[in-house]
Amino acid sequence: MSDQPVHAPGAVPQPVHAEFAATLELMPDLSLTHETVVHVRELLAAMVPSTPSDKLTRTDHVVDEAHGIVVRVHDPGASGAPRPCVYSIHGGGYVLGNRFMDDDRLAPWCLALGCVGASVEYRLAPEHPYPAALDDCYAGLRWVHEHADELGIDPQRTGIAGLSAGGGLAAALALCARDRGELPVAFQLLDSPMIDDRQHTPSSRSDGLPVWSRESNTFGWRSYLGDLYGRDDVPAHAAAARATDLSGLPPAFVCVGTVDGFRDENVEYATRLNQAGVPTELHVYPGAPHGFGVFSQTAVARQANQDIERWLGARFSAA
C-alpha cells in the first residue's frame, strides 16, 4: 500500500460562517512540515490563553518524570461528596500543544457543573511516535483513579474528553480502557476528533481548509504513526476509526463543524457507535471550522458549549 493517502476529489467546499471569517484572517500560518513544527509549537504556546480565577485552584502533579507526564488538576473547591471528573487531553495534531491549552476549556465546566478537571501532558510526535502519547494518557488516567480519594473524585463518574488529536486520543483511550478492563470510563466527549489516518473521506480530501489543512493532517498522522503510516494493519488504539468492534464503549458526545476535514469521519464514527449500542449524541455545526470552540465569542461556539455542558451534566447525574 502507498505511504500517501489517495487524493481523490474532495467534498464541495462549504463556506465558513461569517462570524469566523475576520478572526481566521488574523491567524498565523500553522502549516506543518518537519521544518516548521518547532516554530509552530512556539507560536501556539504563545497564543494559549489562561484566565486565572480565584474560584478555581490549579495544581500540577508529576506522574512520570522520566516521560514528562504531568496531570494538571482543576479544583472548583471543597465538596462534601466525591465529585465527577473530566479527564481532558489537549489537541495539536499529535505533534503540538501542552496541558495549559485546556485551562480555559475546563474552567467553565468545573465552575458550572461542580466537577474536577484533569488535563494531561503527553509526549509529542514525531520525536515520540505511537504508542507514546496513548501510553502517557493511560498512565495519567490511572493516576487520577489511584488518587481519587485525595482529589475528591468519584471514579464511577470520571470520563474522558479531547479536542482534535486529543479527541482521537480520547477515543483510543476509551477503546484501550475497555480492552484492558482496568479503569472505568463513564463517558467520552469527542470534539472534532482526529481518528482516521487513511484520509479517505471527501471532507478529509478537501483543499484550502482553514486552521487544519489536508497537508497538515497528513504530516500529523505520518509523524504519529511513524513506520505504521500508510499500512493496512494500523491498530485501532492508534486510529480509533480502524476499530471493527465498538461495542461496550462508554456513552459518547461527538461534535464537529461542516468546514472541517474530520467532518465525515466523525459523523461515520458516531453512527457506528450508535449501531454498536453505544448511546451517542452527534452535533454538526454549519459553517464552523476545525477547533471552532476556541472562538468563544461566536454564537456557534456558545451553542456548542451549551450543548456540551448540558450533556456533561446529564452524564454526571446518570452515573
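For Asp60, the conditions (1) free of Cβ contacts under 8 Å to residues at least 40 places away in the same chain; (2) assigned to a strand (DSSP E or B); (3) farther than 23 Å from Asp135 by Cβ are fulfilled apart from (3).
Taken together, Glu215, Glu182 contain a single residue that is out of contact with any helix residue (DSSP H, G or I) (no Cβ under 8 Å at 6 or more places or on another chain) and acidic (Asp, Glu), which is Glu215.
Filtering the range 250-263 for residues that are within 26 Å of Leu30 (Cβ to Cβ), part of a helix (DSSP H, G or I) and of a type outside the set (A, V, I, L, M) leaves a non-empty set. Looking across the range 180-203, just one residue is out of contact with any strand residue (DSSP E or B) (no Cβ under 6 Å at 6 or more places or on another chain), surrounded by 23 or more Cβ atoms within 10 Å (Cβ to Cβ) and small (Gly, Ala, Ser), and that is Ser203. Screening Leu209 on (1) out of contact with any helix residue (DSSP H, G or I) (no Cβ under 9 Å at 6 or more places or on another chain); (2) at pLDDT below 95 shows it passes everything except condition (1).
Taken residue by residue, the range 73-83 has no member that is of a type in the set (Asp, Glu), crowded, with 19+ Cβ neighbours inside 10 Å, touching a residue at least 12 places away in the same chain (Cβ under 8 Å) and within 27 Å of Pro210 (Cα to Cα).
For the range 93-130, which residues satisfy the criterion of being under 27 Å from Gly313 (Cα atoms), part of a loop (DSSP other than H, G, I, E, B) and out of contact with any Pro (no Cβ under 7 Å at 6 or more places or on another chain)? Scanning the range 93-130 gives a single hit, Asn98. The single condition among (1) at pLDDT below 95; (2) of a type outside the set (D, E, K, R); (3) surrounded by fewer than 18 Cβ atoms within 10 Å (Cβ to Cβ) that Gly293 does not satisfy is (3). Scanning the range 150-171 for residues that are assigned to a helix (DSSP H, G or I) and in contact (Cβ under 8 Å) with a residue 12 or more places away in the chain turns up Leu151, Ala165, Gly166, Gly167, Gly168, Leu169, Ala170, Ala171. Yes or no: Val70 within 17 Å of Ala170 (Cβ to Cβ), in contact (Cβ under 8 Å) with a residue 12 or more places away in the chain, surrounded by 18 or more Cβ atoms within 10 Å (Cβ to Cβ) and in contact with a strand residue (DSSP E or B) (Cβ under 6 Å, 6 or more places away or on another chain)? Judged against the criteria, Val70 is not a match.
Criterion applied to Ser223, Ser247 was being among the polar types (S, T, N, Q), farther than 22 Å from Val294 by Cα, out of contact with any Cys (no Cβ under 7 Å at 6 or more places or on another chain) and part of a loop (DSSP other than H, G, I, E, B), and the one residue passing it is Ser247.
Contact map, the range 20-46: residues that are closer than 16 Å to Phe295 by Cβ and assigned to a loop (DSSP other than H, G, I, E, B) paired with residues that are among the aromatic types (Phe, Trp, Tyr) and modelled with pLDDT of 80 or more, Cβ distance under 9 Å, separation 6+ or inter-chain. Pairs shown: Leu30/Trp212.
Does Ala177 satisfy the condition of being at pLDDT 95 or above, in a helix (DSSP H, G or I) and surrounded by fewer than 24 Cβ atoms within 10 Å (Cβ to Cβ)?
So Ala177 passes the test.
When the range 265-319 is limited to residues that are in contact with a strand residue (DSSP E or B) (Cβ under 7 Å, 6 or more places away or on another chain) and acidic (Asp, Glu), the one that is nearest to Ser203 (Cα to Cα) turns out to be Glu281. Considering the range 97-129 alone, what residues qualify as being over 15 Å from Tyr87 (Cα atoms), surrounded by fewer than 24 Cβ atoms within 10 Å (Cβ to Cβ) and touching a His at 6+ places or on another chain (Cβ under 8 Å)? Across the range 97-129, the qualifying residues are Arg123, Pro126.
The values are calculated or read from the model by the stated rules, or taken from the named source; none is laboratory data. Quick caveat, the model's predicted, so the values are computed rather than measured. Glycine also receives a Cβ, built like all others from the backbone with ideal geometry; neighbour counts cover every protein chain displayed.
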